[in-house]
Amino acid sequence: MAEPGFTLVDSHCHIDMPEFDGDREEVVARARAAGLVEMLVVGGVDESGGHRRALEVAASFGLPATAGVHPHEARIADERVYGELRRLAREGRIVAIGEIGLDFHYDHSPRAAQREAFRRQVRLAREVGLPIVVHTREADGETAEILEQEGASETGGVIHCFTGGLELARRAIGLGFLISFSGIVAFPKADVIQQVAGEVPEDRLLIETDAPYLAPPPHRGKRNEPAFVVDVARKVAALRGTSREAVADLARRNYARLFRRTI
Ligand SMILES: [Zn+2]
Ligand SMILES: [Zn+2]
């Protein structure tokens, strides 16, 4: 249970997903009891309109949401989809465009389609004046290149669930981006990610769960949930030689600045 004053955020979760259909209210209640003042619900545009469900779930709990075409779904991106994102942004219903990016690990969509959807959505974010949430896996060089070429320093954003190398961290920071760490930072063989988490400047640090995926130790292998962001904060604090409260506080302030939230 949280001590008074210990407040934190989960900068990236998917509590709209069916994994939470049976106990969503309890999950959010546990998060609040653990000290979470806000969770960002990341909505993925897919063939069944998954982002609309994410927006509804977020609104039902008074939480902010994002929408974007994930690289896995890049093949479905078309003018109609971009038009919908533009409309949601203009109506003030989303706080960021995302998650968008490149995933060359799974390659669920052809790489050409991933690149195109990523570029188009960075441009769209610039047009509507929103930050971006970037998902990148095994595509460090091309991700940095696209962000640089498309002027992403203008939108700002976050590299979520950071699993990249030092060079990606350096280039993202150069663009003014934040770096967000998930439970992966506490997994074995995460040496480079741990190094980045230890060294990232204070004003660039974020933490997240990416629930229901990637539960941090000691919950590994179970369904992840926003309350477990406390365990991510503890691990990042150990790597930085500071307290869990200090990391939580930094992350909360950086989150509020990036997504323009008053919390
Ligand atoms: Zn992701
Ligand atoms: Zn995600």
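The values are calculated or read from the model by the stated rules, or taken from the named source; none is laboratory data. Given the structure is predicted, the values throughout are model-derived calculations rather than measurements. Virtual Cβ from ideal backbone geometry, glycine too; neighbours counted across all protein chains shown. The area values use the complete protein model at the heavy-atom level, side chains included, leaving out ligands, DNA and RNA. Shrake-Rupley method; radii C 1.70, N 1.55, O 1.52, S 1.80 Å.
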Only unsatisfied item for CYS161, checking (1) within 16 Å of ligand 1 (Cβ to nearest atom); (2) surrounded by fewer than 23 Cβ atoms within 10 Å (Cβ to Cβ); (3) part of a loop (DSSP other than H, G, I, E, B), is (2)
Across the range 104-120, the tally of residues that are under 12 Å from VAL69 (Cβ atoms) and either more than 15 Å from ligand 1 (Cβ to nearest atom) or within 19 Å of the chain's Cα centre (by Cα) (or both) stands at 7
Worksheet item: Would a scan of the range 239-247 turn up a residue that is surrounded by fewer than 22 Cβ atoms within 10 Å (Cβ to Cβ), closer than 28 Å to MET17 by Cβ and not charged (D, E, K, R)?
Response: no
Flagged pairs (Cβ under 8 angstrom, 6 or more apart or on separate chains; first in the range 192-218, under 18 Å from VAL133 (Cα atoms); second charged (D, E, K, R) and within 14 Å of ligand 1 (Cβ to nearest atom)) are ILE207/ASP10; GLU208/ASP10; THR209/ASP10; ALA211/ASP10
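Please go through the range 147-158 and give me each residue that is in contact with a strand residue (DSSP E or B) (Cβ under 9 Å, 6 or more places away or on another chain) and not in a loop (DSSP other than H, G, I, E, B), ordered by number.
First pass over the range 147-158, keeping only residues in contact with a strand residue (DSSP E or B) (Cβ under 9 Å, 6 or more places away or on another chain): 147, 152, 155-158.
Scanning the range 147-158 gives LEU147, GLY157, VAL158.
Would you be able to tell me the number of residues in the range 184-227 that are over 17 Å from GLU19 (Cβ atoms) and acidic (Asp, Glu)? Give the steps one after another, and end with the answer.
Going residue by residue through the range 184-227, those that are over 17 Å from GLU19 (Cβ atoms) are 184-207, 217-218.
Pick out the ones that are also acidic (Asp, Glu) and you get 191, 199, 202-203.
The number of residues fulfilling the criteria is 4.
For the range 110-125, name all the residues that are within 16 Å of ligand 2 (Cβ to nearest atom) and either exposed (fewer than 15 other Cβ atoms within 10 Å of the Cβ) or of a type in the set (Phe, Trp, Tyr) (or both).
Our first condition is that a residue be within 16 Å of ligand 2 (Cβ to nearest atom); within the range 110-125, this holds for 114, 117-118, 121.
Selection gives PHE118 alone.
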Looking across the range 27-68 at residues that are in contact with a Ser or Thr (Cβ under 9 Å, 6 or more places away or on another chain) and β-branched (Val, Ile, Thr), the single one that is nearest to ASP249 (Cα to Cα) is VAL37
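For every residue, the table says whether it meets (1) closer than 25 Å to ARG260 by Cβ; (2) charged (D, E, K, R).
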{"site": "GLU84", "(1), (2)": "yes, yes"}
{"site": "ASP107", "(1), (2)": "no, yes"}
{"site": "ARG111", "(1), (2)": "no, yes"}
{"site": "PHE118", "(1), (2)": "yes, no"}
{"site": "ARG126", "(1), (2)": "yes, yes"}
{"site": "VAL134", "(1), (2)": "yes, no"}
{"site": "GLY141", "(1), (2)": "no, no"}
{"site": "ALA152", "(1), (2)": "yes, no"}
All-but-one check, GLU84 against (1) more than 16 Å from ligand 1 (Cβ to nearest atom); (2) closer than 21 Å to HIS14 by Cα; (3) in contact with a Leu (Cβ under 9 Å, 6 or more places away or on another chain); (4) not aliphatic (A, V, I, L, M), failing number (3)
ILE184: passes all of (1) touching a residue at least 40 places away in the same chain (Cβ under 8 Å); (2) surrounded by fewer than 23 Cβ atoms within 10 Å (Cβ to Cβ); (3) within 15 Å of ligand 2 (Cβ to nearest atom); (4) within 17 Å of the chain's Cα centre (by Cα) but (1)
Selection over the range 162-219 where residues are within 17 Å of ILE100 (Cα to Cα) and acidic (Asp, Glu) yields a count of 2
With the first residue restricted to the range 129-143 and required to be part of a helix (DSSP H, G or I), and the second required to be away from ligand 2 (no atom under 16 Å from the Cβ) and not β-branched (Val, Ile, Thr), Cβ contacts under 7 Å at 6 or more apart or on different chains are ASP140/GLY165; ASP140/GLU167; ASP140/LEU168; THR143/LEU168
Output for Cβ contacts, cut-off 9 Å, separation at least six or different chains, first residue under 25 Å from VAL192 (Cα atoms) and aromatic (Phe, Trp, Tyr) in the range 149-166, second open to solvent by 20 Å² or more (accessible area, probe 1.4 Å) and within 16 Å of ligand 2 (Cβ to nearest atom), reads PHE162/ILE184
Condition (residue is over 30 Å from GLU26 (Cα atoms) and surrounded by fewer than 24 Cβ atoms within 10 Å (Cβ to Cβ)) applied to the range 203-212: is it met by at least one residue? yes
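Can you tell me how many residues within the range 135-157 are under 19 Å from ARG93 (Cα atoms) and within 16 Å of ligand 2 (Cβ to nearest atom)?
Kept after step one, since they are under 19 Å from ARG93 (Cα atoms), are these residues of the range 135-157: 155-157.
Filter once more, keeping what is within 16 Å of ligand 2 (Cβ to nearest atom): 157.
Total satisfying the criteria: 1.
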